[in-house]
Amino acid sequence: MRNTAIAAGAGLLSFVFLALVATGPGGVLFGPLAPLPLFAVGLSLGLRPLAVAGAAFALPALALGGIPAALGGLVVLLGPVGVLVRQALLSRPGPDGGMEWYPPGLLVAWLTMIGLAIVALSLGVLWVTGDGGLHSRLSQEMQAALAQVLPELPADQVQDLAGQLAPFAIGLSAVSWLLVLAADGALAQALVSRLGAALRPAPQMAELELPRWMSPVLAVSLVAAYLAPGDFGFAARNFAMVLLLPFFFAGLAVIHAFARHRAARGILLAVFYGAIVLFTWLAVLVTGLGLLDQLAGLRRRFAAGGQGREDE
């Protein structure tokens, strides 16, 4: 009963956080925290309490927003959190008698597949509900939305801005949400670990290894993004945005591997993450670092260098 009450309260709190998005300024602060209570329940109590939290989230969403709101919450929030928690709690006996937990690289792969599914669903809805090409439909919708959000801008500038954002808008939106999911999942794991309630140890970022299929799939999507005509190229560009995300995490793994054997590891990582928050363009460099790591094995070199210093 205690766990059920905690799970239900977490689901309601998650709904409140997401509902605050409609209130304006409060949503900017609390909206990104909506997955956090759900992750905390799943990573500390398991899948059944997480299902209770999901029901506590879905019922008020259904009552206040109807079936579209409940389905939207299921697709964007409840489903992804459930999949990631289920995978994170998988384990098997290790060769040394310990427990091997689901590796962080495969968790990133599942996160990426969730993003690809969200992009595919968004493209499908856009194709079914409009006339003309996908790019033109999205440009028109974004132009109408920007005109409401930025009424002071002249109509021609709104049209230009919508045209510039539209080719990548779906992919960028998906990537932004995936980063929120990843950050909330990591924060929830840290919180429940601090409370001694975590069902698994925290994944080590420096040990993240991406599946081999990700590099060729990214290459194909990038080629299609530039060469495929019309709607195929539009879709490929947005899929490519999501497929670049795992290499951002690979770049973070390189940074963690570099800092692992440094005396001021905590300070270095804190400064680095603070710099990314302040200067978002650094994320592009980190993604490039992740791509380079797949080719040159940067982390193996850092690990070898660190082992040499420890032996000394």
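Quick one: grab the alpha carbon gyration tensor of the range 118-192, order the square roots of its eigenvalues as a ≥ b ≥ c, and give me rounded if a/c is under 1.5, else prolate or oblate depending on whether a/b is larger than b/c.
Judged from the Cα gyration tensor, the range 118-192 comes out oblate (a/c at least 1.5, b/c at or above a/b).
So, for the chain, what is the accessible surface per residue at a probe of 1.4 Å, expressed in square angstrom? Value for the chain: 54 Å² per residue. Largest to smallest in accessible area, the residues M99, M205, M113 fall in the order M99, M113, M205 (1.4 Å probe, all protein chains included). Note on the range 168-231: Cα convex hull, mean projected area over all directions, 6.2 nm². If you bin all the Cα-Cα distances of the chain at 20 Å, starting from zero, the percentages per bin are 27, 57, 15, 0. Available extension along the chain between A270 and R86 is 63.3 nm, counting 0.36 nm per residue and deducting the alpha carbon span.
Just by accessible area at a 1.4 angstrom probe, what is the order of D96, D156, D293 from largest to smallest?
Largest accessible area first, the residues go D96, D156, D293.
Accessible surface ranking for V28, V242, V52, 1.4 angstrom probe, highest first: V28, V52, V242.
Shown for the chain: the carbon plus sulfur share of the solvent-accessible area, taken with all protein chains present and a 1.4 angstrom probe, equals 70%.
Can you bin the range 4-65 into rounded, prolate or oblate? Criterion: square roots of the alpha carbon gyration tensor eigenvalues sorted a ≥ b ≥ c, rounded for a/c under 1.5, prolate for a/b above b/c, oblate for the rest. Oblate. Rounded to the nearest 20, the size of the Cβ-charge dipole of the chain about its Cα centre is 840 debye, with Lys and Arg at +1 and Asp and Glu at -1. Taking all protein chains together and rolling a 1.4 Å probe, W101 ends up with roughly 80 Å² accessible. Taking the helices alone, the chain has a mean residue ellipticity at 222 nm of -25500 deg cm²/dmol, built from -39,500 (n - 2.57) per DSSP H run of at least 4 residues and averaged over all its residues.
Shape class of the range 138-260 from the Cα gyration tensor (axes a ≥ b ≥ c, square roots of the eigenvalues): oblate, since a/c reaches 1.5 or more and a/b does not exceed b/c.
For I67, the accessible surface of its heavy atoms amounts to roughly 110 Å² (probe 1.4 Å, protein chains only, rounded to the nearest 10).
Just so you know, the Cα atoms of the range 96-146 work out to an Rg and Dmax of 18.8, 60 Å. Dipole of the range 80-160 computed with +1 at Lys/Arg Cβ and -1 at Asp/Glu Cβ about the Cα centre; of P95, L153, Q140, farthest Cα towards the positive end is P95. Divided by 2.2 N^0.38 Å, where N counts the residues, the Cα radius of gyration of the range 1-154 comes to 1.28.
The values are calculated or read from the model by the stated rules, or taken from the named source; none is laboratory data. Everything quoted here is computed from the prediction, not taken from an experiment. Here the Cβ is made from the backbone with ideal geometry for all residues, glycine too, and neighbour counts use every protein chain on show. Side chains included, ligands, DNA and RNA excluded: accessible areas come from the protein's heavy atoms. Shrake-Rupley method; radii C 1.70, N 1.55, O 1.52, S 1.80 Å.
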